[in-house]
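To keep things clear, I will list the structure first and then write my remarks on it.
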Amino acid sequence: MIRTATPADVPVIHALVRELADYEKALEEAKATPDQLHEALFGERPAAFAHIAQDDATGEAVGFALWFLNFSTWRGVHGIYLEDLYVRPEARGGGHGKALLTELARICVEREYERLEWSVLDWNAPSIAFYEALGARPQDEWTVYRLTDGALRALGGRA
């Protein structure tokens, strides 16, 4: 079962974010607090949205998708950028990941968004195979760049 996250889900979302960061070998980079996630998802001006995958038998949260809107100047409409998709290892293969992506695709179609995009680590072969089996295609001609920490502050004039 896939459902929209509620404020009561923040602790489990936080735990799942940390599990994902550990899986991606970057736990030390996962610095978001539950309060930050609550504000981003449920504050006065939400910046992100989340869905929870629940085990039908136990009702336990076994995965999540956290996403936000982007905008294509070429298409002239919004799209969804999927920031995080994670299903706990013991629940993988149960259709939860596909159900989460199906829900986001449904939202795109319903709202006439034309893109559902995300990034995947190049070493994550199981996820790549899963995404490609759904019809997703890599955007090999693009390279992601990121400014953080000192470089961001230096460019922003606060070094």
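Divide the volume of the convex hull of the Cα atoms of the stretch 1-50 by its number of residues and quote the answer in cubic angstrom per residue.
83
Enumerate by residue number the chymotrypsin sites (Phe, Trp or Tyr not before Pro) in the stretch 36-144 meeting two conditions: DSSP loop (anything except H, G, I, E, B), and at most 10 other Cβ atoms within 10 Å of the site's Cβ.
Those satisfying the criteria are W74, W123, W142.
Whenever you get a sec, line up I13, I2 from highest to lowest accessible area (probe 1.4 Å, protein heavy atoms).
I2, I13
Could you tally the net charge around D140, taking each other residue with its Cβ under 13 Å from the Cβ of D140, Lys/Arg +1 and Asp/Glu -1?
Net local charge, D140 excluded: -2.
Quick query: amide H of D84 versus all other amide H atoms, modeled in the peptide plane; which residues come in under 5 Å with a sequence gap of 5 or more or a different chain?
For D84, whose amide H was placed from the backbone, the distant partners under 5 Å are L66.
Pop a pseudo-label 7 angstrom from the Cα along the beta-carbon direction at both W123 and I107 and give the gap in nm to one decimal.
3.0
May I ask you to work out the translational diffusion coefficient for the stretch 89-134 at 25 °C, viscosity 0.890 mPa s, via Stokes-Einstein with Rh from the Kirkwood sum over Cα pairs, reported in whole µm²/s?
Result for D is 206 µm²/s.
What percentage of the solvent-accessible surface of the stretch 1-145, computed with a 1.4 Å probe over protein heavy atoms, is contributed by carbon and sulfur atoms?
54
With every protein chain left in place, what is the accessible area of T4 in Å² (1.4 Å probe, nearest 10)?
The accessible area comes out at roughly 90 Å².
Per the Kirkwood formula on distinct C-alpha pairs, the Rh of the chain is how many angstrom?
After inverting the pairwise mean of 1/r, the radius is 17.1 Å.
Roughly how many whole Å is it from the C-alpha centroid of the stretch 1-25 to that of the stretch 86-114?
Rounded to whole Å, the Cα centres lie 14 Å apart.
If you plug each phi of the stretch 105-117 into the Karplus form 6.51 cos²θ - 1.76 cosθ + 1.60 with θ = phi - 60°, what whole-Hz ³J(HN,Hα) values come out, in order, with x for Gly and Pro?
So the J values, rounded to whole Hz, are 4, 4, 4, 4, 5, 4, 9, 6, 7, 10, 9, 10, 10.
To the nearest 10 square angstrom, how much accessible area does R111 have with a 1.4 angstrom probe?
110
Could you give the length gained by full extension between Y81 and K31, i.e. 0.36 nm per residue of separation minus their alpha carbon distance, to one decimal place?
Length gained, Y81 through K31: 15.9 nm.
Show that you can apply the helix-only estimate: for the chain, add -39,500 (n - 2.57) for every DSSP H stretch of four or more residues, divide by all residues, and state [θ] at 222 nm to the nearest 500.
Taking each H run of at least 4 residues, the total per residue is -10500 deg cm²/dmol.
Over the stretch 71-147, consider all pairs of different Cα atoms and compute the Kirkwood hydrodynamic radius from their mean reciprocal separation; express it in Å, one decimal.
Every distinct Cα pair counted, the radius reaches 13.9 Å.
What accessible area per residue comes out for the chain, rounded to a whole number of Å², with a 1.4 Å probe?
On a per-residue basis, 66 Å².
The values are calculated or read from the model by the stated rules, or taken from the named source; none is laboratory data. Quantities reported herein were computed from a predicted structural model and do not represent experimental measurements. Every residue, glycine as well, gets a Cβ built from its backbone with ideal geometry; the counts of neighbours run over all protein chains shown. When the accessible area is computed, the model is the full protein with side chains, heavy atoms only, and any ligands, DNA or RNA have been set aside. Shrake-Rupley method; radii C 1.70, N 1.55, O 1.52, S 1.80 Å.
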